[in-house]
1. Would you kindly derive the ³J(HN,Hα) couplings of segment 36-50 from the backbone phi angles with the Karplus curve 6.51 cos²θ - 1.76 cosθ + 1.60 (θ = phi - 60°), listing them in order in whole Hz, with x for Gly and Pro?
2. Taking the dipole about the Cα centre of the chain, with the C-beta of Lys and Arg at +1 and of Asp and Glu at -1, give me whichever of Thr269, Gly168, Pro109 is farthest to the positive side.
3. Just report the Cα centroid separation between segment 281-358 and segment 208-262, whole Å.
4. Compute the relative contact order of the chain as a whole-number percentage, counting only Cα pairs closer than 8 Å that sit 6 or more residues apart in sequence.
5. Taking each pair of distinct Cα atoms in segment 228-378 once, what is the resulting Kirkwood hydrodynamic radius in Å?
6. Determine the dipole magnitude for the chain: charges of +1 sit on the beta-carbon of Lys and Arg, -1 on that of Asp and Glu, nothing else is charged, the reference point is the Cα centre, and the result goes in debye to the nearest 20.
7. For segment 358-374, in order, what is each residue's ³J(HN,Hα) by Karplus, 6.51 cos²θ - 1.76 cosθ + 1.60 with θ = phi - 60°, in whole Hz (x at glycine and Pro)?
8. Apply the Karplus parameterisation 6.51 cos²θ - 1.76 cosθ + 1.60, with θ equal to phi minus 60°, to every residue of segment 55-66 and state each ³J(HN,Hα) to the nearest whole Hz, in sequence, with x for glycine and proline.
Amino acid sequence: MNPTISVACDSKSAAPAAWGAVLAMSLAAFALVASEFMPVSLLTPLAADLRITEGQAGQSIAISGAFALLTSLCLTSVVGRLDRKTLLLALTGLMIASGTVAAFAPNYPLFMVGRALIGVAIGGFWSMSAATAMRLVPTADVPRALAILNGGNALATVIAAPAGSYLGGVIGWRGAFFCLVPVATLALAWLWFSLPALRPENRQAPASMFALLKRPAVCLGMAAASLFFMGQFALFTYLRPFLETVTRVDVSTLSLMLLVLGVAGFIGTTLIGSVLKARMYPVLIAIPLIMAAIAAALLVVGQSVAATTVLLAIWGLVATAAPVGWWTWLARTLPRDAEAGGGLMVAVVQLAIMLGATGGGLLFDASGHGATFGFSAAVLVAASLLALLAARAGRVVQPL
């Protein structure tokens, strides 16, 4: 997921704005997010070809989350020594390696190696990308630069799932994975030529991010965010097998339904900013409740294509927009410690994605989609309750 607005602004150099580099980072973000969640739309053919269960295939989301978590926690010491341009180029190179290994993997273990590589790229890129973008433009243009960077993530949520499903039906899941390699290669070349040298700057010690958890508002908010992403990906990771076995849709209909979900998510991401200005905590409390209700409703009306499509559109509308709410919460709660908080948030989100995909997969293999969707709903309700407690603890925090 994309913690772009949670990172504190680095000091600016006197160099002119490097908009080409910002656009190149946006393209890299698109390739990264599309790569991260590509297995979701290809779970069934991937599992069949590698001769594994769909739950095991879903663990490819979990392992990328695990390595992203480790990278986000350990990267600070590396960033302190390396030019950020060098590090971004290396991370983009890992994207290329990951897509190549995954596409040509002859077996499940090697496929998971490819997924581990994308996890490293995820953790490193999102831990430093926004702070890097903030150094590329004047202070007055930072919101625009962040919007462009976040646009790559938003576009990937619209295109990646339906395109992956469609391409998987036409050229196979391996071809769909490999299609992202040229995109990542273009991003690498663009970054190489457009990024200026970005010398390392002094940063807080890695332990400082954990010290933030001593603050009640931060601890409760991070816990609520963790449960939100856990509940979301416990269901979302196993959406394709549900649609194929319960709703009984073909590949074309599946691609269309995922496109509806993605477009609704793009709309939600566009609209949520104005709502967050005045009603941030009500939004953070309401969204997981809405998603829990959708998870329960899918168990009842999941056989209807029309009803399921409507429910998925609502899911996309709120679920894709929710991360913007949590990054806004972080910026308001930790205005002076946003960079340390940003690293912590990356770790929390990736751990939650890993646990959600793992738990959902184990339940899916053992008891079917009913157990997985029920687990998702319960976790989302808990996330809403913790968001309520975070709201009460955070009333003394001054807004942005």
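FYI, it's all coordinate maths here, none of it is from the lab. Keep in mind it's a predicted model, so treat the numbers as computed, not measured. Here the Cβ is made from the backbone with ideal geometry for all residues, glycine too, and neighbour counts use every protein chain on show.
1. My calculation for segment 36-50 gives 4, 10, 4, x, 4, 8, 10, 4, 5, x, 4, 5, 5, 5, 8 Hz in order.
2. Positive-end residue among those listed: Thr269.
3. Their Cα centres are 6 Å away from one another.
4. Numbers: 717 pairs, mean separation 115.8, N = 400.
With pairs under 8 Å counted, the relative contact order is 29 percent.
5. Values: mean 1/r = 0.0622 Å⁻¹.
Hydrodynamic radius (Kirkwood, Cα only) of segment 228-378 equals 16.1 Å.
6. Working: 21 positive and 12 negative charges, 191 e Å.
Dipole of the chain, to the nearest 20 debye: 920 debye.
7. 5, x, x, x, 4, 5, 5, 5, 7, 10, x, 5, x, 5, 5, 5, x
8. Computed from phi, the couplings for segment 55-66 are x, 5, 4, x, 5, 5, 6, 5, 5, 5, x, 5 Hz.
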